[in-house]
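*Asks:* Sharing a structure here in structure tokens format.
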Amino acid sequence: MAQRESWATRTGFILAAVGSAVGLGNIWRFPYQVGEFGGAAFLVVYLLLIAFVGFPVMLVEFTIGRYTERNPVGALKQIGQGISSKIGWVFVVAGFVILSYYSVVSGWILQYIVIGLQGNYAVGGAGAQFGATTGGLPSVLTHAIFMAAVIGIVAFGIQDGIELSVKLMVPAIIALLVGLAVYAGTLSGAGEAYAYYLSPDLGAIASNWTDILPAAAAQAFFTLSLGMGVMITYASYLGEDRNLAKDGVIIVGLDTLIAFTAGLVAFPVLFTANLTETTDGPGFIFVSLSEAFSSIPFGGILGAVFFATVAIAALSSAISIMEVVVSYLIDEHGIGRVPAVMALGIAIFLVGVPVAYDQSSGLVWLTVYDGLANQILLILGGLLLALYVGWFATDLGLEELNKGFRNLGSWGMVWIWTLRVPVIVLLLVVLLYNATKVYGSLTGIFG
Ligand code: TRP
């Protein structure tokens, strides 16, 4: 077997994981979820889940990846028995579905860069503009362009493709977003926006927690790229015994800071424009934010920079999803990287075509794909991994976490017990809740 690739530098792994984590989840989904679920109330629940559920599950993925040095399907085949050896399949299915619609939404982002450069935000109505973007041939075309970029990077492999590109992309995302947030802070609506964004209404959490909790859990998994083997795959390319917990803290911390900064851009722009009505949900940054950009000074250029930042973040995430499935074909079926990437890229493009072409105003296909993958498969994947390492492969997990950690002490058992009870119970509850909700919305759509 050919020599397995590994990261070229110490920072390569961290930047790749940050690049994976920071994406549409932070800049497209996070602000609209904050808007939908009550501002700062959502933020608080989300931060708690990131720390007490996301971080422990990330360590599970890291330990499995570094221990097995294999793709997620092969990794679970190697260490699991019976049903647990099949967990990797959940990841491959999730990867196909997620990347297919992720690329479609990223294509819309590309269109909004162009619209901004032309100075055309909200011309003819922001809602109508979004409608024209999200369906038909333009949407299929930009989906194809984005997938081509993903294919192009992943085809070059770990060091020359993913690592090199994230070394450029991650610093660019941070610099652009911080610059935008600073500018947004000078806008007239900034004060009001910060008040909305930063002062949690504890009463709102108490009365809506059954909605907030599942949404925040799904968001935490999505934004940290958990539950489908990305972090298993990336850690499998780590030759050395680094301190995985320390790397995890850096990755989780940066991802959270960047999501937070995205809010510092979006809300001041929005409050400054004083829109009478905002669009919730997936259309939020496209409809409401682009309309807001159309009314502030230099809005076209600012909007173009904003959407370009989102596009870079989306690309650095999409390559990680692709790498999971590619690494599976390379490891388990001995297929060469380039043919594997090409075949998968085309297949995933095709899976996304219904989402791209969909001209329904409710974005029905997007709702179906996102419901299935994000609300169900990711949570299921995370739950199975937590169960497996928490209760069955505890020694493996502890031993692997301990490497590079001079003295893990009782933190190891704190981690294991966090997985064993709170993480598992929470994910189980969220999974059942989401499954019922998705089932309900599917029967609503198709029934
Ligand atoms: N984390 C990315 C985001 O926030 C999306 C992503 C990349 C992802 N890889 C993933 C989500 C794996 C779930 C699983 O946009």
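The values are calculated or read from the model by the stated rules, or taken from the named source; none is laboratory data. This one's a predicted model, so the numbers in the text were calculated from it and none came from an experiment. We place every Cβ from the backbone using ideal geometry, glycine too, and count neighbours over all the protein chains shown.
*Asks:* If residue 188 meets every condition in (1) modelled with pLDDT of 90 or more; (2) assigned to a helix (DSSP H, G or I); (3) not hydrophobic (A, V, I, L, M, F, W, C) apart from one, which number is that one?
*Replies:* Looking at each condition in turn, residue 188 falls short on (2).
*Asks:* So residue 28 ticks every box in (1) aromatic (Phe, Trp, Tyr); (2) more than 14 Å from the ligand (Cβ to nearest atom); (3) under 17 Å from the mean Cα position of the chain (by Cα) but one. Which box is left unticked?
*Replies:* All conditions are met except number (2).
*Asks:* Oh, and also: Kindly provide the set of residues from region 231-243 that are of a type in the set (A, V, I, L, M), more than 18 Å from the chain's Cα centre (by Cα) and in a helix (DSSP H, G or I), ordered by number. Spell out the reasoning first.
*Replies:* Filtering region 231-243 down to residues of a type in the set (A, V, I, L, M) leaves 231-232, 235, 238.
The next check asks that each one be more than 18 Å from the chain's Cα centre (by Cα); those that pass are 238.
Once the filter is applied, which keeps residues that are of a type in the set (A, V, I, L, M), more than 18 Å from the chain's Cα centre (by Cα) and in a helix (DSSP H, G or I), region 231-243 yields nothing.
*Asks:* Restricting to helices (runs of 4 or more DSSP H) lying wholly in region 1-110: which have 1 or more residues that are touching a residue at least 12 places away in the same chain (Cβ under 8 Å) and in contact with a Pro (Cβ under 9 Å, 6 or more places away or on another chain)? Outline the logic, then answer.
*Replies:* Details: elements: 10-21, 30-36, 40-49, 55-68, 72-79.
In region 1-110, the matching helices (runs of 4 or more DSSP H) lie at 10-21, 30-36, 40-49, 55-68.
*Asks:* Could I ask something else about it? Do any helices (runs of 4 or more DSSP H) entirely within region 244-354 hold 2 or more residues that are among the aromatic types (Phe, Trp, Tyr), in contact with a Cys (Cβ under 6 Å, 6 or more places away or on another chain) and on the phi < 0 side of the Ramachandran plot, and if so, which? Give the steps one after another, and end with the answer.
*Replies:* Values: elements: 244-273, 290-295, 299-333.
Where helices (runs of 4 or more DSSP H) fall fully within region 244-354, none carries at least 2 residues being among the aromatic types (Phe, Trp, Tyr), in contact with a Cys (Cβ under 6 Å, 6 or more places away or on another chain) and on the phi < 0 side of the Ramachandran plot.
*Asks:* Within region 201-208, is even one residue in contact with a Leu (Cβ under 7 Å, 6 or more places away or on another chain), hydroxyl-bearing (Ser, Thr, Tyr) and in a helix (DSSP H, G or I)?
*Replies:* Going through region 201-208, the residues in contact with a Leu (Cβ under 7 Å, 6 or more places away or on another chain) turn out to be none.
No - not one qualifying residue is present in region 201-208.
*Asks:* Looking at residue 109, is it away from the ligand (no atom under 16 Å from the Cβ) and modelled with pLDDT of 95 or more? Spell out how you get there, then give the answer.
*Replies:* Details: away from the ligand (no atom under 16 Å from the Cβ): no; modelled with pLDDT of 95 or more: yes.
Spelling it out, it is not the case that residue 109 is away from the ligand (no atom under 16 Å from the Cβ) and modelled with pLDDT of 95 or more.
*Asks:* If a residue must be out of contact with any Phe, Trp or Tyr (no Cβ under 8 Å at 6 or more places or on another chain) and crowded, with 20+ Cβ neighbours inside 10 Å, how many such residues does region 274-295 contain?
*Replies:* Residues in region 274-295 being out of contact with any Phe, Trp or Tyr (no Cβ under 8 Å at 6 or more places or on another chain) and crowded, with 20+ Cβ neighbours inside 10 Å: 2 in total.
*Asks:* Scanning region 195-211 for residues that are touching a residue at least 60 places away in the same chain (Cβ under 8 Å) and out of contact with any Gly (no Cβ under 7 Å at 6 or more places or on another chain), which turns out farthest from residue 267 (Cα to Cα)?
*Replies:* From region 195-211, those touching a residue at least 60 places away in the same chain (Cβ under 8 Å) are 196-202, 204-205, 208-211; that's our starting set.
Now drop any that are not out of contact with any Gly (no Cβ under 7 Å at 6 or more places or on another chain), which leaves 198-200, 202, 205, 209-211.
Details: 198: 11, 199: 13, 200: 15, 202: 20, 205: 20, 209: 23, 210: 25, 211: 22 Å.
By that ranking, first place goes to 210.
*Asks:* State yes or no: is residue 183 farther than 23 Å from residue 115 by Cβ and either of a type in the set (Asp, Glu) or away from the ligand (no atom under 15 Å from the Cβ) (or both)?
*Replies:* Working: farther than 23 Å from residue 115 by Cβ: no; either of a type in the set (Asp, Glu) or away from the ligand (no atom under 15 Å from the Cβ) (or both): yes.
No, not satisfied.
*Asks:* Looking only at region 400-412, count every residue that is free of Cβ contacts under 8 Å to residues at least 12 places away in the same chain and part of a helix (DSSP H, G or I) and tell me the total.
*Replies:* 1
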